[in-house]
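Working notes, structure below.
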Amino acid sequence: MSVLLGRKAPDFTAPAVKGNGEIVDNFSLSQSIEGRYALVFFYPLDFTFVCPSELIALDKRVEKLKEMGVEVISVSIDSHFTHNAWRNTPVNEGGIGPVRYTMVGDMDHSITKAYGVESEGGDSYYPPGVAFRASFVIDKQGVVRAQHMNDEPIGRNIDELVRVVEALQFFEENGHVCPAGWQKGDEGMVNTPDGVANYLGTNSDKL
């Protein structure tokens with residue numbers, strides 16, 4: 001996996017199904033997230049097993065993310081037509097229903113490669129060529145501020161991705177860093193020796 005932290009998120013233009021069900025041939029990442037936060041959410045394949053649970057869980061939190069100014073974009077190597085078929089398949093039949101975020105079709109694998117998340121097989125559980133279970137949190141300047149990845153059998157915790165965005169926004173607003181286990185509403189830490197000492201003096205038992 002490429003380390004993209006602190007770097008501009010690779011831009012892309014590709015076919016997609018938008019959250020309103022519209023199929024487009026030229027969805028642009030940079031145009032869709034200009035001046036906004038973004039969560040780019042890679043997954044292996046449509047009509048599989050762990051993937052639908054993740055995408056449904058993501059949809060259940062999409063309104064909260066939108067309220068936080070976050071554009072949500074999922075990416076796999078399936079076509080935009082397959083994405084559309086999966087959206088139109090009922091959940092009780094293995095579908096994901098009409099999720100309310102954009103689903104990008106990376107059929108030539110260029111996006112997956114640009115983000116460094118294409119499986120080469122080997123000792124991984126992933127078959128060669130698919131995207132890893134990888135997530136990228138991008139700030140309003142288009143810079144990657146967090147990236148996470150799990151092996152194929154391990155589904156992601158979407159609430160943790162929401163927490164990461166909350167922590168990023170807290171830091172941007174207050175200038176205080178977020179210590180281990182920070183949750184929205186908690187105090188932050190001043191990143192000086194005195195700030196560390198003051199924080200640990202009152203909070204170390206909670207860590």
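When the helix-only estimate is applied to the chain (DSSP H runs of n ≥ 4, each -39,500 (n - 2.57), divided by the residue count), what is the mean residue ellipticity at 222 nm, nearest 500 deg cm²/dmol?
So the helix-based figure for the chain works out to -8500 deg cm²/dmol.
When N counts the residues of segment 89-207, how does its alpha-carbon radius of gyration compare numerically with 2.2 N^0.38 Å, as a ratio?
This ratio for segment 89-207 stands at 1.40.
Given a 1.4 Å probe and the protein chains all in place, what does the accessible area of T202 round to, in Å² to the nearest 10?
Its accessible surface works out to 100 Å², give or take rounding.
Taking a virtual spin label 7 Å from the Cα of R7 along the C-beta vector, which residues in segment 98-112 bring their backbone nitrogen under 17 Å of it?
Zone members listed by number: 110-112.
For q values of 0.13, 0.17, 0.21, 0.22 Å⁻¹, compute log₁₀ I(q)/I(0) with the Debye formula on a Cα-only model of segment 16-80, without solvent.
Values, matching the q order: -0.37, -0.65, -0.99, -1.08.
Any idea how far apart A197 and S110 come out in nm if each label point goes 7 Å out from Cα toward Cβ?
So the two model labels end up 5.6 nm from each other.
Go through segment 90-190 and name the chymotrypsin sites (Phe, Trp or Tyr not before Pro) that are in a DSSP coil and have 13 or fewer other Cβ atoms within 10 Å of their Cβ.
Y125
Take the Cβ-Cβ distance between E160 and F47 as r, set R0 to 30 Å, and report the resulting FRET efficiency rounded to the nearest 0.05.
E(calc), rounded to 0.05, equals 0.70.
Could you give the length gained on full extension between I56 and V177, defined as 0.36 nm per residue of separation minus the Cα-Cα distance, in nm?
40.4 nm
Run the accessible area of the chain with a 1.4 Å probe and give the carbon-and-sulfur part as a rounded percent.
Exposed carbon and sulfur together represent 50 percent of the surface.
Identify which of S124, S135, S74 has the largest mean-square fluctuation in a Gaussian network model of the chain, with springs joining Cα atoms closer than 10 Å.
In this elastic network of the chain, the residue with the biggest mean-square fluctuation among S124, S135, S74 is S124.
Name the residue, out of V62, V177, V72, whose mean-square fluctuation peaks in a Gaussian network model built on the chain with Cα pairs under 10 Å.
Highest fluctuation of the listed residues: V177.
Structure shown: which of K8/K206; K60/K140; K113/K184; K64/K206 lie over 31 Å apart, alpha-carbon to alpha-carbon?
K8/K206; K113/K184
Rounded to the nearest 20 Debye, what is the dipole magnitude of the chain about its Cα centre when Lys and Arg each give +1 and Asp and Glu each give -1 at the C-beta?
280
So in segment 1-154, what percent of DSSP beta bridges are antiparallel if you round to the nearest 5?
Of those bridges, close to 65 percent are antiparallel.
When the convex hull of the Cα atoms of segment 1-115 is projected onto a plane and the area is averaged over all directions, what value comes out in nm²?
Taking a quarter of the hull surface, the average projection is 7.0 nm².
Report the full-extension gain for the segment E187 to F81: residue separation times 0.36 nm, less the Cα-Cα distance, to one decimal in nm.
Here the answer is 33.6 nm.
The values are calculated or read from the model by the stated rules, or taken from the named source; none is laboratory data. Since this is a predicted model, take the numbers as computed values, not measurements. FYI the Cβ positions are ideal-geometry reconstructions off the backbone, even for glycines, and counts take in every protein chain you see. Heavy atoms of the whole protein, side chains included, go into the accessibility calculation; ligands, DNA and RNA do not. Shrake-Rupley method; radii C 1.70, N 1.55, O 1.52, S 1.80 Å.
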